[in-house]
Amino acid sequence: MEIKIRNKQLLIPIIQGGMGVGISLSKLAGSVARNGGMGVLSSAHPGYRCHDFLRDSVNVNMREMKNEVIKAKEIAKGIGMIAVNVMVAIRDYEKMIRSAIHGGCDAIISGAGLPLKLPEYVKGKDIAIAPIVSSKKALALILRQWDKKYTRTADFVVVEGSKAGGHLGFHKEDLLNDTTDSLDTILEAVLEIVKEYENKYQQAIPVFVAGGISTGKEIKHYIDLGASGVQIATRFITTEECDASKEYKEKYCNIKKEDIQLVDSPVGMPGRALNSSLIKRLANGEKIPIKHCFHCLLPCDPKTTSYCISNALIEAAKGNEEEGLFFCGSEGYRHNKITTVKEVIEELMNECGEEV
C-alpha cells in the first residue's frame, strides 16, 4: 500500500510520531524510514547530549538538528521519508525548521499551536508540510490561512485524538470527564475539509490519525474510515533503535494501565505521561527549582512555572526516575518487551492484512 506525499513514497501507512527530548532522533527515525514508513525526529533539544549544550543550547540544537537529519537520511538509504516534528510553541521555531531543511529532511510536521506561518519558512524548498490538529476547526483555520496568504495547502495532515501521549490539544476538564470527540468523529469532520482543498489544488492530501493506536487492527479500522494511515509513537519506544537510554526503554516494559495519567505542562496544555517521582512531587504542590533556563518555550515563565519541562524530559531520556517526565500514550502498557523496528512494523502490517 504505497502512499505518495509530494514527490516521495511511503511503502507502508505508518508515520512514527516525533518524541522528545531525545527519544526519536536519527537511529529511530532512520530505521522506520528504512522499513518504508515516515521516520520523525523530534526538534526538542536534539543537542542535549553535547558537551557544549548548556553553554550555548540554541546554536548547539541548530547544529545537531541538521546533523541528526543527515544521519537519519544515511540510515534510511533513500527509502521512506524523514520528517522533523517542530512545535509552534518553541521560541526558535523558524530557526529549527531551517536547520531541519539544511539537513535535507523530506517533511516538516508542526503542532502544539497553529503553524500559520509554516509555508513561509519552507518557501522555495521541495519540502512537504503538515499540521497536527485535534479538530476540524483548527484545520480549517490553518488551511484557510495557507491558501489565502501563501497559495499553498498541506501535503498531508496528522489528526491527533485524546489518547495520545505528550502534549494534547484538548481541555484538561474534557479529558478527565471523557467528553472529547472520538478519533473516529474528528477524522470524519477533518476529511470534509481536506476534500475541499484536494479539489481546489487538484492533489491528494493523505490524512494520518494518531493517539493510542498500537495494533494493526486499529490501522485497518482507520483506513476503512478514509484515513491514508496512522501515526504511532509510544509503540516504537521499546525498540532497540529508539534513541533513548536502555533505562528509559525498560521503564516502558514494566507499566500498568493505571500508571498512565494526565499532567500539567508549562506549555499551557495538558499532557499524558507515566506516574513518577516528579509527578508525585508536583501533585503535592511542590515547586521544582529551575537550575538552568533554556528559554525554549514561548508560554513558559521561569518565575512562575512549577518545573522545567525541558530538564524533566532530558532527565527522562537518561532514565532518571527521580527527576524525569516520561510521556506515554494511553495504550503504552500493552507492550512489555524490547523488540526491533522491523519486528514492530511486520507485526502491525500482518495484523492490518498488508504485506511489508
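The values are calculated or read from the model by the stated rules, or taken from the named source; none is laboratory data. Since the model is a prediction, treat every value here as computed from it, not as a measurement. Here Cβ is always computed from backbone atoms with ideal geometry, including for glycine, and neighbour counts include all displayed protein chains.
Which one of Thr238, Thr215 is polar (S, T, N, Q), farther than 30 Å from Tyr48 by Cβ and in contact with a helix residue (DSSP H, G or I) (Cβ under 9 Å, 6 or more places away or on another chain)? Steps first, please.
Working: Thr238 fails: farther than 30 Å from Tyr48 by Cβ.
So the residue among Thr238, Thr215 that is polar (S, T, N, Q), farther than 30 Å from Tyr48 by Cβ and in contact with a helix residue (DSSP H, G or I) (Cβ under 9 Å, 6 or more places away or on another chain) is Thr215.
Please report, ordered by residue number, the helices (runs of 4 or more DSSP H) entirely within the stretch 111-197 with at least 3 residues that are at pLDDT 95 or above. Show your work before the answer.
Numbers: elements: 118-121, 136-150, 172-177.
Those helices (runs of 4 or more DSSP H) span 118-121, 136-150.
Yes/no per residue for (1) over 30 Å from Ile205 (Cα atoms); (2) part of a loop (DSSP other than H, G, I, E, B):
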position: Ile223; (1), (2): no, no
position: Gly226; (1), (2): no, yes
position: Cys253; (1), (2): yes, yes
position: Val263; (1), (2): yes, no
position: Val267; (1), (2): no, yes
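Return the residues of the stretch 269-290 that are in a loop (DSSP other than H, G, I, E, B) and free of Cβ contacts under 8 Å to residues at least 40 places away in the same chain; say none if nothing qualifies.
Of the residues in the stretch 269-290, the ones in a loop (DSSP other than H, G, I, E, B) are 269, 275-276, 284-290.
Selection gives Asn275, Asn284, Gly285, Glu286, Lys287, Ile288, Pro289, Ile290.
Quick test for you: out of Lys337, Lys303, pick the one residue that is in a loop (DSSP other than H, G, I, E, B), of a type outside the set (Phe, Trp, Tyr) and free of Cβ contacts under 8 Å to residues at least 24 places away in the same chain. If you could, list the steps in order and put the result at the bottom.
On the way: Lys337 fails: free of Cβ contacts under 8 Å to residues at least 24 places away in the same chain.
So the residue among Lys337, Lys303 that is in a loop (DSSP other than H, G, I, E, B), of a type outside the set (Phe, Trp, Tyr) and free of Cβ contacts under 8 Å to residues at least 24 places away in the same chain is Lys303.
Restricting to the stretch 68-91, name every residue that is touching a residue at least 40 places away in the same chain (Cβ under 8 Å), surrounded by fewer than 20 Cβ atoms within 10 Å (Cβ to Cβ) and not aliphatic (A, V, I, L, M).
Answer for the stretch 68-91, where residues must be touching a residue at least 40 places away in the same chain (Cβ under 8 Å), surrounded by fewer than 20 Cβ atoms within 10 Å (Cβ to Cβ) and not aliphatic (A, V, I, L, M): Lys71, Glu74, Lys77, Arg91.
Among the residues of the stretch 263-301, how many are loosely packed, with under 14 Cβ neighbours inside 10 Å, over 29 Å from Asp56 (Cα atoms) and under 25 Å from the mean Cα position of the chain (by Cα)?
1
If you take the residues in the stretch 211-253 that are among the hydroxyl-bearing types (Ser, Thr, Tyr) and either within 26 Å of Phe156 (Cβ to Cβ) or crowded, with 24+ Cβ neighbours inside 10 Å (or both), which one is modelled with the lowest pLDDT? Show your work before the answer.
Start the filter on the stretch 211-253 by keeping residues that are among the hydroxyl-bearing types (Ser, Thr, Tyr), which leaves 214-215, 222, 228, 234, 238-239, 245, 248, 252.
Those left that are additionally either within 26 Å of Phe156 (Cβ to Cβ) or crowded, with 24+ Cβ neighbours inside 10 Å (or both): 214-215, 222, 228, 234, 239.
Working: Ser214: 92, Thr215: 95, Tyr222: 97, Ser228: 97, Thr234: 96, Thr239: 97.
Selected residue: Ser214.
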